[in-house]
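What follows draws every value from the coordinates through simple rules; no lab data is involved. Note that the structure is predicted; figures quoted are calculated from it, not measured. Quick reminder, even Gly has a Cβ in these numbers, built from the backbone with ideal geometry, and neighbours come from all protein chains shown.
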Amino acid sequence: DNKCYEKAEQCVYVHIDDVGVKEQKQHRGKKGATNVPDVIQKEATKDKRPTVQNTVARIEHTGKGFTLTGRSVAEILTFVLAFLLNNALLRLNIKVCTDGQRCLQDAIVSFFSWHRHLSLLLDWFHLVKKFKEDLSLACKGREIRNRHLKQLLTLLWFGLVDKAQVYLAAIPATDIKDIKAIARLSAYLERNRKWIPCYAMRSKLKLPNSSNPVERCNNLVTAKR
């Protein structure tokens, strides 16, 4: 592994994620009461129920953490920058953990393009989820999917993107029912190549491998709302 790894005490970890909450009624009917028009309207609009979108950021450094929430990615990035400036943290390395969402990654890289020591980290658990879902679509049956999934995740745990792509290309046609799903996975790896580290080494060095902190904060923010 020829990649460089940060020293935790010289790095600020920023975990960013979007969360959507279904809009709640300001007033609820009394328990047991039924209103036929309301029931009909509810059935007609249940699939069109509006949601409130917001973005949550969790900033962590040397055991301390702070949670920020905003109405959009652009707003939360402004809040993050203000927080880093106010706490004299901009001089440190900035490691941003994300779930691989392209628009989120592009927004972060563009916003902090002037910062020399910013890098992204593709969340391990979202990478695993992506491969589970697309291999389920691609492979003929669970047994075949699990066999290929095990091999691919072993390669990716060690950051071996090239070997993972070669493996995907070599999956026998007799095992595949949807070749497009295989192509999506290969493209996903190529797009995220520079954000995929050797997760095994990061784990050994006790460095973060996932965006779990912001996932937990999402749950707390959603519950409070």
*Where does the charge balance sit around SER136 when Lys and Arg score +1, Asp and Glu -1, over other residues with C-beta under 9 Å from its C-beta?*
+1
*Which whole-number percentage describes the relative contact order of segment 87-211, with Cα contacts under 8 Å and a sequence gap of 6 or more?*
32
*In nm, to one decimal, how far is the ASN86 label point from the PHE158 one, both placed 7 Å along Cα→Cβ?*
4.6
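Among 169-176, 136-143, how do they line up by average Cβ neighbours within 10 Å per residue, starting with the highest?
Packing proxy ranking, top to bottom: 136-143, 169-176.
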*asked:* So for each of 124-131, 199-206, 3-10 I average, over its residues, the number of other beta carbons within 10 Å; can you give me the resulting order with the highest mean first?
replied: 124-131, 199-206, 3-10
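Going by average Cβ density within 10 Å per residue, which order do the peptides 78-91, 183-196 take, highest to lowest?
In descending order of packing, they fall as 183-196, 78-91.
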*At what distance in nm do the modelled label points of ASP106 and ARG193 sit from each other, each positioned 7 Å from its Cα along Cα→Cβ?*
1.9
*Label 7 Å along Cα→Cβ of GLU143; segment 168-184 residues with amide nitrogen under 20 Å?*
171-178
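I want the local charge near GLY100. Using Cβ-Cβ distances under 13 Å, sum +1 for each Lys or Arg and -1 for each Asp or Glu among the other residues.
Details: positive: ARG102, LYS129, LYS130, ARG184, ARG191, ARG193, LYS194; negative: ASP17, ASP18, ASP99, ASP106, ASP123, GLU133, ASP134, GLU190.
In short, -1.
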*Taking the simple approach of a point 7 Å from Cα along Cα-to-Cβ for both ALA173 and PHE79, what is their distance in nm?*
5.2
*Can you check what the net charge comes to around LEU207, using other residues whose Cβ is under 10 Å from the Cβ of LEU207 (Lys, Arg +1; Asp, Glu -1)?*
+4
